[in-house]
Every structure is written in structure tokens, then in C-alpha cells.
Amino acid sequence: MAEQEPDSKNQGVKLLGILDVGKTPCAREAILHGAGGSAVAGLVHFLATSRVKRSFHVGMAGFMLTTLASWFYCRYNNARLRVQQKTIQEGIKNKVIYEGTSHDPTRKARDQ
């Protein structure tokens, strides 16, 4: 077993030389889902029609569609999660600031 040197840099996989798959959020999962989608689409089309070239084209279209759908779904969920986290952090900050003062909304509810 060869051990890695401590000063060696971990090179990530680059897609088309520009997109670092390991560091870009959702990229790895989107590409893996796309590969599975392309295999399923191409294989199903080939089993149904026995046309090799068209099955390859269907597989490529399946890769593109599955990758893009997975990418946008993941990015949308990440954005929604960030908004929720920001809202919760602001609420906690306001609770700490206003707790015990006359501006405390929970105090007004208890007094009534």
C-alpha cells in the first residue's frame, strides 16, 4: 500500500476542463443520475426498437435531460434550505436581543 505524501494536492475530477465536480455543489450527484438515466433510456429504446444509432441518441438525450433535471432540483433545494436557515438565524438573533424587554412578542402574548 502506497501512502500519500502530506504535501500532495488532492486533484478533483474536472469535467470539460472547467467544472470541478468534487467542489461544485450538486455536480457529482447530477452526473451520476445522468449516467443512470442515459443507460436506462438507451437500453429501453434498444430493446424496444433494436436500432443502435437511435438508441445511442436517445441515451445521450436521456443523459442531458436527467443531468439537468437533477442539477436544477438539487440547486433549488439548496437555495430553499439556505433561505430557511437565514430566517431561523434571524429569528434566534431577534429572540436573544428582545428577550425580557418590552418589545418581546412572547411577553405580550403572556400578559394578555
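Before anything else, pin down the relative contact order of segment 25-98: Cα pairs under 8 Å, at least 6 apart, normalised by residue count, whole percent. Provide the component values of the computation, followed by the final result.
Values: 58 pairs, mean separation 26.7, N = 74.
Averaging sequence separation for qualifying contacts and normalising by length gives 36 percent for segment 25-98.
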So for segment 25-98, what are the equivalent ellipsoid semi-axes in whole Å, largest first, each being the square root of 5 times an eigenvalue of the Cα gyration tensor?
-> 44, 8, 7
So how much accessible area does residue 51 have, in Å² to the nearest 10, using a 1.4 Å probe?
-> 120
With all protein chains in place and a 1.4 Å probe, residue 88 shows an accessible area in Å² (nearest 10) of 100
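The values are calculated or read from the model by the stated rules, or taken from the named source; none is laboratory data. In this text, all values refer to a predicted model and were calculated from it rather than measured experimentally. The area values use the complete protein model at the heavy-atom level, side chains included, leaving out ligands, DNA and RNA. Shrake-Rupley method; radii C 1.70, N 1.55, O 1.52, S 1.80 Å.
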